[in-house]
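In what follows, a structure is listed as C-alpha cells, so that the remarks can point back to it.
FYI, it's all coordinate maths here, none of it is from the lab. Since the structure is predicted, the reported quantities are computational estimates derived from the model, not experimental observations. Every residue, glycine among them, receives a Cβ derived from its backbone with ideal geometry; neighbour counts consider all protein chains shown.
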C-alpha cells in the first residue's frame, strides 16, 4: 500500500475511475486499525505503561497534565477522573462518527485527502496506520519491493520501529506531498505498545478551509530510483518531491517554480515585443512598396524609386 496513488493507480483511474476509486477507498478506509507484524511481536522489549494524570481536576489539555506536555497519550482509564480526559487522540478519532476529512480524486496526483469542514490549527486530523514492523523487516521489504518494481512505498519511522502502509493501512495513505503543506506528522508515546514505539498522527499546522486538499511534506532525501516531480504548484515549490537530484540543483531546475515562472513570463514578454517590432517593420515595408508602385504607375522617375529603396533600408534598420 502506498501513501498516495502511483502512476499505475492513475492509469487504472482513467480506465475505470469509479470502480478503482471505490475499491481502493473501501480497502484503505479511515477505520483501518494498526496491524502488529511478527517482527514487531518478536521484539523483546516490554510494553510501555502510561500512568493516568495525577491531577484529578485536570482535563489533560494543558501543561498541568503529566502526559500532555510530553506528547504522551493518556490511557483510557484516565477518562474516569472527575474532570475527564481529552488527551486520548487515537481513541477519540476511532469514536468519531464523522471525520474532518474526505477522500476523493486529486487530478494528476491520483487520490487525495480534503477538508470536509473548517479545520483549526493544531487539530488532530488522522492517525497514520499500517503494519508495525521492525527496521530489519523493512530492509527485507525494500528489497522485495525493488525486485517487484514497486517504487512507491511510504514507510514511516515510528521510534525504534516502522509503520509500513504498502499493503495495509488507512486513509492517511492518500495524503499527497506539498512543498507548502498544511499538515505535519507528530509522534506520540502510547500505552500498551512496546517501549521505543511511537504512534504517528497528522496534525494541522494552520487553519484550513473546507474543501482544501490536506497535504504533508514527505521530506525525502534524493534517491535516483524513486525521485519524482512535485505537482503541488505552490509558490515555493522545489519542483521535486523531497530533495531534487544534484543535476537539477546545478542548473537551478525545479528549485523554485515561482522563479521559473517569472523567467518564462519574461521570455514571453520579450517575444511579444519582438513580434510587435517585426509587425511594425513589415507594415512599413508594405506601405512603402505600395507607395512606390503608385509612383511608378504615375510615371515617376528612377530617383523616386531610389528614395523608396532608401526608406525600406531605414525601416529595416529601425
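Computed over the Cα atoms of the stretch 88-176, what is the ratio Rg over Rh, Rh following Kirkwood?
Working: Rg = 15.1 Å, Rh = 14.8 Å.
With Rh from the inverse mean 1/r over Cα pairs, Rg/Rh is 1.02.
Residues 109, 99, 144, arranged from fewest to most other Cβ atoms within 10 angstrom of their Cβ, appear as 144, 99, 109.
Starting from the coordinates of the alpha-carbon atoms of the stretch 134-192, obtain the Kirkwood hydrodynamic radius over all distinct pairs and give the value in Å to one decimal. Walk me through the numbers on the way to the answer.
Numbers: mean 1/r = 0.0751 Å⁻¹.
That comes to 13.3 Å for the stretch 134-192.
Peptides 154-165, 207-218 ranked from most to least packed, by the mean per-residue count of other Cβ atoms within 10 Å: 154-165, 207-218.
Taking 0.36 nm per residue of separation and subtracting the current Cα-Cα distance, fully stretching the chain between residue 120 and residue 43 would add 23.9 nm.
Please report the equivalent ellipsoid semi-axes of the stretch 7-218, computed as sqrt(5 x eigenvalue) of the Cα gyration tensor, largest first, in whole Å. Let's see the in-between values first.
Values: eigenvalues 189, 107, 37 Å².
Semi-axes (√(5λ), whole Å): 31, 23, 14.
Note on residue 98 and residue 135: their simple-model spin labels are 4.4 nm apart, each label 7 Å out from Cα toward Cβ.
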